Amino acid sequence: MKEADFLEWPDWVETEDVLEKLKITPRTLQRWRINGVIPYSRLNGRCYYRKSDIVSLLKNNYNREKGGQR
């Protein structure tokens, strides 16, 4: 692999970061993995997630009608 290839890699976050940012339980994240809601990569028993996949998940589930009306 060329050095330029490494620069194009997306940012990856660990499970703990996803749990904290989305304020969900480990079981919820596990269920999302099992059901294919969120893609992930597993290395040495740890799960990693692309930041872009997290943002896409949020955008795809955005509900404008309920979101801003209070």
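A short reminder: the numbers here are calculations on the coordinates, not readings from a lab. This structure is a prediction, so every number in the text was calculated from the model and none was measured. With ideal geometry, Cβ positions are generated from the backbone for all residues, glycine too; neighbour counts draw on all protein chains shown.
Descriptive notes on the structure:
- Sorted peptide list for 17-24, 47-54, 35-42, criterion being average Cβ within 10 angstrom, highest first: 47-54, 17-24, 35-42
- Magnitude of the charge dipole, the stretch 10-70, Cβ model with Lys/Arg +1 and Asp/Glu -1, debye to 20: 260
- Per-selection Rg to Rh, the stretch 14-70 - Cα, Kirkwood hydrodynamic radius: 1.03
- Spin-label pair Thr28-Arg42: with each label point 7 Å from Cα along the Cα-Cβ axis, the two points sit 2.2 nm from one another.
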